[in-house]
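The values are calculated or read from the model by the stated rules, or taken from the named source; none is laboratory data. Predicted model, so just to flag it, every value in this text is computed and none were measured. Virtual Cβ from ideal backbone geometry, glycine too; neighbours counted across all protein chains shown. Heavy atoms of the whole protein, side chains included, go into the accessibility calculation; ligands, DNA and RNA do not. Shrake-Rupley method; radii C 1.70, N 1.55, O 1.52, S 1.80 Å.
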Amino acid sequence: MKRLRRLFAALPLVFLPALASATCAPMDHDGTPYTVCAVNPAREELRLFRLDPEGRVLGNFGRIENMLNAGGETLTFAMNAGMYHPDRSPVGLYIEDGEQQRGAVASAGPGNFGLLPNGLLCLTQGRARVIETRRYLADQTECDHATQSGPMLVTGGALHPRFLIDSTSRYIRNGVGVAPDGTTYFAISERPVTFHEFGRLFRDALGTPEALFLDGNISRLYAPELGRNDGGFPLGPIVGTVAPLPR
């Protein structure tokens with residue numbers, strides 16, 4: 001296991017982008033264990049999920065898998081994807097299959113979401129982007145799927161200016177970053193970490209100039225290749241990769 005982690009840490013930008021499907025593996029950074037999943041959006045279909053066809057909250061990976069199976073598809077990777085209210089509705093921008101269900105929130109506010117700059121994950125055919133919210137609004141960016149969260153972990157290659165190296169706030173956290181070659185990295189910490197530590201994972205180890213915090217404490221991962229299907233209370237938005245069911 002340690003050998004695999006060293007390999008993953010040494011070659012995140014060379015080995016993983018060539019793969020044709022979401023690949024999840026353990027990785028150590030500065031002595032902290034993470035699980036990192038690499039997705040090539042040009043070859044893997046990334047989608048967002050929140051409601052089933054009857055308008056009911058999906059809430060967990062199993063219900064998404066059942067819904068997809070009914071249509072001849074399967075879920076190959078998934079992770080919770082942004083903050084939500086008690087009714088599981090998104091706090092900020094949410095677009096699914098081209099339909100905007102909630103608008104972007106660009107103003108500062110309480111909690112991590114309002115710690116500007118915040119941002120969003122924008123998915124279009126064959127491409128994923130992490131975009132700072134105000135830039136998204138200024139550029140009138142079009143997304144097939146989008147979910148907003150905050151704060152940004154990395155913007156323009158720099159850590160969020162409010163992150164403290166000596167912070168005592170530690171949680172299990174998950175997030176997403178996009179490398180210059182388009183490889184999209186989803187990461188979850190395997191023990192509580194600070195924002196500063198988590199941001200450095202994306203900036204220094206994964207080489208993503210833009211990265212977004214998705215959530216903390218409730219962070220979940222679905223990675224069948226690792227035998228992982230995290231459970232718990234129902235979730236709001238979920239991001240995942242989809243493939244046809246084997247015949």
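Side notes on the structure shown:
- Extreme residue, nearest to T23 (Cα to Cα), among residues of the stretch 197-247 that are assigned to a strand (DSSP E or B) and open to solvent by 60 Å² or more (accessible area, probe 1.4 Å): N229
- Filtered residues of the stretch 109-138 (kept if in a loop (DSSP other than H, G, I, E, B) and under 16 Å from the mean Cα position of the chain (by Cα)): N112, F113, N118
- The stretch 187-196: number of residues that are open to solvent by less than 30 Å² (accessible area, probe 1.4 Å) and touching a residue at least 60 places away in the same chain (Cβ under 8 Å): 4
- Among the residues here, G182 qualifies as farther than 21 Å from D28 by Cβ and at pLDDT 95 or above.
Table: residues versus (1) free of Cβ contacts under 8 Å to residues at least 60 places away in the same chain; (2) on the phi > 0 side of the Ramachandran plot; (3) polar (S, T, N, Q).
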site	(1), (2), (3)
D52	yes, no, no
G59	no, yes, no
R63	yes, no, no
L68	no, no, no
G72	no, yes, no
S89	no, no, yes
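- Among residues that are of a type in the set (F, W, Y), part of a strand (DSSP E or B) and farther than 15 Å from D215 by Cβ, F77 is included.
- Taken over the stretch 223-247, the residue count meeting the criterion of being farther than 17 Å from V57 by Cα and within 12 Å of the chain's Cα centre (by Cα) is 1.
- Pick from the stretch 139-162, criterion within 18 Å of G207 (Cβ to Cβ) and in a loop (DSSP other than H, G, I, E, B), ranking: least open to solvent (accessible area, probe 1.4 Å): H160
- If you go through the stretch 34-48 and pick out every residue that is closer than 19 Å to L93 by Cα and open to solvent by 10 Å² or more (accessible area, probe 1.4 Å), you end up with 2.
- Among the residues of the stretch 1-33, the one identified as open to solvent by 80 Å² or more (accessible area, probe 1.4 Å) and modelled with pLDDT of 95 or more is D30.
- For the stretch 176-186, residues that are touching a strand residue (DSSP E or B) at 6+ places or on another chain (Cβ under 9 Å), open to solvent by 10 Å² or more (accessible area, probe 1.4 Å) and not in a strand (DSSP E or B) total 1.
- Condition met for D87 (open to solvent by 40 Å² or more (accessible area, probe 1.4 Å), among the acidic types (D, E), within 18 Å of the chain's Cα centre (by Cα) and modelled with pLDDT of 95 or more): no
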